[in-house]
Amino acid sequence: MKFRGTLFFCILLLFQEICLLVRADDGFVSAKGVKLMLNGNPFYANGFNAYWLMYMAADPSQRSKVSSAFQEARQHGLAIGRAWAFSDGGDRPLQYSPGSYNEQMFQGLDFVISEAKKYGIKLILSFVNNYDQFGGRKQYVNWARNQGQSISSDDDFFTNSLVKQYYKNHIKTVLTRRNSLTGVAYKDDPTIMAWELMNEPRCQSDPSGRTIQAWITEMASHVKSIDSNHLLEAGLEGFYGQSSQKQEDNPNFQVGTDFIANNQIPGIDFATVHSYPDQWLEGSTDEKQIAFLNHWLDNHIQDAQNILHKPVLFAEFGKSLRTSSSKERDELFNTVYSAVYSSARGGGAAVGGLFWQLFAEGMDSFRDGYEVILSENTSTVNLITEESQKLNHIRNMYLRLARAQRQAANGGSNTGN
């Protein structure tokens with residue numbers, strides 16, 4: 001009987017902790033100083049990238065992959081998912097042409113959002129791609145070119161008035177979309193944690209960063225004029241520009257962005273950083289890549305904390321198993337997670353890390369070497385779970401403290417809230 005009583009008590013504590021997190025996840029994520037906040041408490045969470053969610057969910061026979069991905073993510077301690085809210089022209093588009101939308105694809109995105117809510121996953125949704133995959137800025141400038149606009153390069157995406165209007169119209173269409181499953185407009189849905197202006201914006205025709213600076217300023221204002229509920233981030237990789245005198249900390253190339261100046265724009269609520277030393281330092285040793293990564297992580301955490309005074313999310317990181325061993329990939333994951341946890345534990349600016357990329361079972365044709373399938377009991381999966389639980393523990397400490405303070409204010413009674 002004593003053993004049964006102890007077991008019951010442990011199960012009860014675990015159940016209370018899960019319930020505490022579930023209740024805490026119901027609300028809009030906001031930013032306050034260098035912290036993300038959810039219902040008045042600091043929000044720390046690791047997560048994943050899954051660009052394919054809408055694409056897969058548009059086919060009802062494939063929706064189980066979305067559900068299982070969310071369910072497994074939550075079981076492994078992950079609470080943020082990043083995905084595309086775009087597919088411009090081409091195969092299975094969301095947007096056939098400017099202002100013309102594919103309702104079946106939109107219903108796929110509706111399903112993604114409703115399932116994310118069901119499993120307690122907060123979403124970051126991106127409006128457009130820098131690259132040609134799923135259309136991107138090349139498709140936008142081609143649409144404008146077909147209307148007689150004088151287009152010199154894909155970089156005109158950031159400056160051409162017609163292209164910018166096409167993009168603004170897409171933003172408005174997404175923000176004001178009413179979910180066919182929940183009846184809630186996207187701009188009013190707390191399941192969505194943040195919007196992203198572009199996946200990895202680059203403008204190599206203007207290395208000064210001024211073109212991107214003006215574009216982010218304009219588009220951030222546009223988003224906020226329609227949606228005041230949600231956070232907004234630019235989608236930056238973290239490369240330093242001329243304003244910071246830290247360009248020597250970049251890999252040996254320029255992309256026309258400026259981590260400091262771009263993230264100082266008032267409409268941008270938190271900074272993002274991507275980390276791919278296997279691509280950026282191609283041909284270098286694993287030791288050099290990890291040394292670069294440590295410096296890269298520390299620099300951006302310190303700059304977010306001391307200069308930007310905003311949270312920073314490591315929104316993409318990964319290492320391909322086609323060119324490295326699982327041990328080397330685990331070392332990279334551990335390096336990112338350790339930097340995030342160390343910062344979060346001390347109340348710093350790092351709020352989480354999203355690995356690239358999560359797949360569900362049965363997606364073999366999508367594999368690119370970066371995939372992680374949580375149902376496979378690999379060392380990487382175990383590492384993700386352990387590190388995410390550590391970060392969740394910090395969040396739970398704040399939640400328990402807040403609950404204790406409420407109980408004290410209520411005269412010590414246990415309200416169950």
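The values are calculated or read from the model by the stated rules, or taken from the named source; none is laboratory data. This structure is a prediction, so every number in the text was calculated from the model and none was measured. For neighbour counting, all protein chains shown are included, and Cβ atoms are generated from backbone atoms with ideal geometry for every residue, glycine included.
On the given criteria, is K164 in contact (Cβ under 8 Å) with a residue 40 or more places away in the chain and either buried (at least 18 other Cβ atoms within 10 Å of the Cβ) or not in a helix (DSSP H, G or I) (or both)? Let's see the steps before the verdict.
Working: in contact (Cβ under 8 Å) with a residue 40 or more places away in the chain: yes; either buried (at least 18 other Cβ atoms within 10 Å of the Cβ) or not in a helix (DSSP H, G or I) (or both): yes.
When the stated conditions are applied, K164 passes them.
Does Y140 count as touching a strand residue (DSSP E or B) at 6+ places or on another chain (Cβ under 9 Å) and more than 17 Å from A83 (Cβ to Cβ)?
Yes; evaluated as a whole, the condition is true for this residue.
Looking only at segment 79-94, which residues are in a loop (DSSP other than H, G, I, E, B) and either touching a residue at least 60 places away in the same chain (Cβ under 8 Å) or among the β-branched types (V, I, T) (or both)?
A79, A85, F86
What number of residues in segment 254-286 are closer than 19 Å to P207 by Cα and either without any contact (Cβ under 8 Å) to a residue 24 or more places away in the chain or in contact with a Cys (Cβ under 8 Å, 6 or more places away or on another chain) (or both)?
3
Could you please give the count of residues in segment 341-380 that are assigned to a loop (DSSP other than H, G, I, E, B), touching a Lys or Arg at 6+ places or on another chain (Cβ under 9 Å) and among the aliphatic types (A, V, I, L, M)?
Matching residues across segment 341-380 total 3.
Exactly one condition in (1) over 22 Å from V273 (Cβ atoms); (2) among the hydroxyl-bearing types (S, T, Y); (3) modelled with pLDDT of 95 or more is not met by S343; state its number.
Failing condition for S343: (1).
Do the conditions hold for R82, that is, is it modelled with pLDDT of 95 or more, surrounded by fewer than 19 Cβ atoms within 10 Å (Cβ to Cβ) and within 30 Å of Q133 (Cβ to Cβ)?
Here the answer is no, as R82 does not meet what is asked.
Here are some residues: E237, E282, E233. Which one is of a type in the set (D, E) and either surrounded by fewer than 21 Cβ atoms within 10 Å (Cβ to Cβ) or modelled with pLDDT under 95 (or both)?
Answer to the check: E282.
So, of the residues in segment 147-161 that are more than 28 Å from the chain's Cα centre (by Cα) and surrounded by fewer than 17 Cβ atoms within 10 Å (Cβ to Cβ), which turns out to be nearest to I226 (Cα to Cα)?
Top of the filtered list is S161.
Anything in segment 199-217 that is crowded, with 17+ Cβ neighbours inside 10 Å and in a helix (DSSP H, G or I)? List them, or say none.
Hits for segment 199-217 are T211, I212, Q213, W215, I216.
Please verify whether Q62 is over 20 Å from the mean Cα position of the chain (by Cα), in contact (Cβ under 8 Å) with a residue 60 or more places away in the chain and not in a strand (DSSP E or B), treating the condition exactly as stated.
Taking the combined requirement at face value, the residue does not satisfy it.
Scanning for something in a helix (DSSP H, G or I), at pLDDT 95 or above, surrounded by 20 or more Cβ atoms within 10 Å (Cβ to Cβ) and out of contact with any helix residue (DSSP H, G or I) (no Cβ under 7 Å at 6 or more places or on another chain), does segment 115-125 turn up at least one residue?
yes
May I ask you to list the residues in segment 311-328 that are crowded, with 24+ Cβ neighbours inside 10 Å and not in a strand (DSSP E or B)?
Within segment 311-328, P311, G318, K319 meet the criteria.
So I260 fits all but one of (1) surrounded by fewer than 21 Cβ atoms within 10 Å (Cβ to Cβ); (2) part of a loop (DSSP other than H, G, I, E, B); what number is the exception?
Only one criterion in (1) surrounded by fewer than 21 Cβ atoms within 10 Å (Cβ to Cβ); (2) part of a loop (DSSP other than H, G, I, E, B) is unmet by I260, namely (2).
Tally the residues that are closer than 21 Å to S161 by Cα and either touching an Asp or Glu at 6+ places or on another chain (Cβ under 6 Å) or part of a loop (DSSP other than H, G, I, E, B) (or both), restricting the search to segment 95-114.
Result for segment 95-114: 3.
Quick one: which of L401, L391, L383 is of a type in the set (A, V, I, L, M, F, W, C), touching a residue at least 12 places away in the same chain (Cβ under 8 Å), assigned to a helix (DSSP H, G or I) and surrounded by fewer than 22 Cβ atoms within 10 Å (Cβ to Cβ)? Lay out the reasoning, then the answer.
Numbers: L401 fails: touching a residue at least 12 places away in the same chain (Cβ under 8 Å); L391 fails: surrounded by fewer than 22 Cβ atoms within 10 Å (Cβ to Cβ).
Result: L383 is the single residue among L401, L391, L383 that is of a type in the set (A, V, I, L, M, F, W, C), touching a residue at least 12 places away in the same chain (Cβ under 8 Å), assigned to a helix (DSSP H, G or I) and surrounded by fewer than 22 Cβ atoms within 10 Å (Cβ to Cβ).
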